[in-house]
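K.L.:
After the structure tokens below, expect a handful of questions from me.
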Amino acid sequence: MSESNEKKNKNHRLIVHEVSKFYSGKSRKFKVLDHKSFMFQTGEFYTIMGESGVGKSTLLNIIATLLPASSGKILLDDLEISNMSELEKSNFRNKYFGIVTQESNLVSYLTLEENMFLALELCGKNTESRATVEKYLKRLNLLHLKDEYPKNLSSGEIKRSAIARALVKESNFLLLDEPTANLDSKNTKVVLQLLREKANEGIGVIITTHEKEAVEYADQKIYLDFCENAR
Ligand SMILES: Nc1ncnc2c1ncn2[C@@H]1O[C@H](COP(=O)(O)OP(=O)(O)OP(=O)(O)O)[C@@H](O)[C@H]1O
Ligand SMILES: [Mg+2]
């Protein structure tokens, strides 16, 4: 069995345990997440919804280990990842997560295709065939743009490129912040259908979204509310 199939066939649980987050703004200190606990499994599709400012990106970034929680833990199965060093977290992310942040950061001096190969290299899959990259670029209607630099892409194309880059790693969990923002209805369907397929193949898919249509594709829906002292 190839390493990627072996990894995908393993069941994993991503656990958010009693996570709280405080922010200090210029004129306010406020709580965004208050003792939140969730369990995400491979092979399931989760949507995180709620009003703008409620803390969806904050939660996703904490799960992705890109942002520290004020208290609480993140675990993969029995392994606590929230207390790892920055280097360990980075290695962990490369191995287990495909991530799209709200800003969809692509490397500006690399073409779209080179961005995809960099993602593969960072997770130790530089020998994977060009065909995997082409498969996702084609599926997301991006193949004709593979030699373009990010500055020449529209915001919807950048969003789809960031999704393609997360997918190409074929990691255990996909953590995507508003993957259908800036997309027309045709591409919204393309992305949601593709994410549904990935969940069916055994990947854990977690997205934040304002897209009502997304809930039709999801196995579990999470709604966040404002904390009492948040506004
Ligand atoms: N680094 C920060 N410092 C201070 N406050 C922050 C910081 N990041 C986010 N916030 C605040 O925390 C709250 C939650 O932000 P977050 O980005 O998680 O919301 P969201 O639910 O993703 O919103 P949207 O739907 O608009 O993307 C907001 O009030 C935001 O202004
Ligand atoms: Mg957000």
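The values are calculated or read from the model by the stated rules, or taken from the named source; none is laboratory data. Values in this document were obtained by computation on a predicted structure and should not be read as measured data. Cβ sites come from the backbone with ideal geometry, for glycine too, and all protein chains shown count toward neighbours.
K.L.:
Would it be correct to say that L112 is within 16 Å of ligand 1 (Cβ to nearest atom) and at pLDDT 95 or above?
P.N.:
For L112, the condition - within 16 Å of ligand 1 (Cβ to nearest atom) and at pLDDT 95 or above - is not met.
K.L.:
In addition: Of the numbered conditions (1) crowded, with 19+ Cβ neighbours inside 10 Å; (2) within 9 Å of ligand 1 (Cβ to nearest atom); (3) closer than 28 Å to Y217 by Cα, E51 satisfies every one except a single condition; which is it?
P.N.:
(1)
K.L.:
Only one of these is within 16 Å of ligand 2 (Cβ to nearest atom) and acidic (D, E): E80, E86, E51. Name it.
P.N.:
E51
K.L.:
Kindly state which strands (runs of 3 or more DSSP E) lie completely within the stretch 31-102 and contain at least 3 residues that are more than 15 Å from the chain's Cα centre (by Cα).
P.N.:
71-76
K.L.:
Taking the stretch 165-207, which residues are out of contact with any Phe, Trp or Tyr (no Cβ under 8 Å at 6 or more places or on another chain) and among the β-branched types (V, I, T)?
P.N.:
The answer is T180, T188, V190, V191.
Results for (1) within 16 Å of ligand 1 (Cβ to nearest atom); (2) surrounded by 13 or more Cβ atoms within 10 Å (Cβ to Cβ); (3) β-branched (V, I, T), shown as yes or no for each residue.
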{"site": "V16", "(1), (2), (3)": "yes, yes, yes"}
{"site": "Y23", "(1), (2), (3)": "yes, yes, no"}
{"site": "T42", "(1), (2), (3)": "no, yes, yes"}
{"site": "T58", "(1), (2), (3)": "yes, yes, yes"}
{"site": "L67", "(1), (2), (3)": "yes, yes, no"}
{"site": "S85", "(1), (2), (3)": "no, no, no"}
{"site": "E88", "(1), (2), (3)": "no, no, no"}
{"site": "N105", "(1), (2), (3)": "yes, yes, no"}
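K.L.:
Could you check, for the stretch 115-129, whether at least one of its residues is closer than 23 Å to K10 by Cβ, basic (K, R) and either out of contact with any Ser or Thr (no Cβ under 9 Å at 6 or more places or on another chain) or in a loop (DSSP other than H, G, I, E, B) (or both)?
P.N.:
Scanning the stretch 115-129 turns up at least one residue that is closer than 23 Å to K10 by Cβ, basic (K, R) and either out of contact with any Ser or Thr (no Cβ under 9 Å at 6 or more places or on another chain) or in a loop (DSSP other than H, G, I, E, B) (or both).
K.L.:
Within the bounds of the stretch 36-45, is there any residue that is within 16 Å of ligand 2 (Cβ to nearest atom) and either farther than 13 Å from I206 by Cβ or at pLDDT below 95 (or both)?
P.N.:
Scanning the stretch 36-45 turns up at least one residue that is within 16 Å of ligand 2 (Cβ to nearest atom) and either farther than 13 Å from I206 by Cβ or at pLDDT below 95 (or both).
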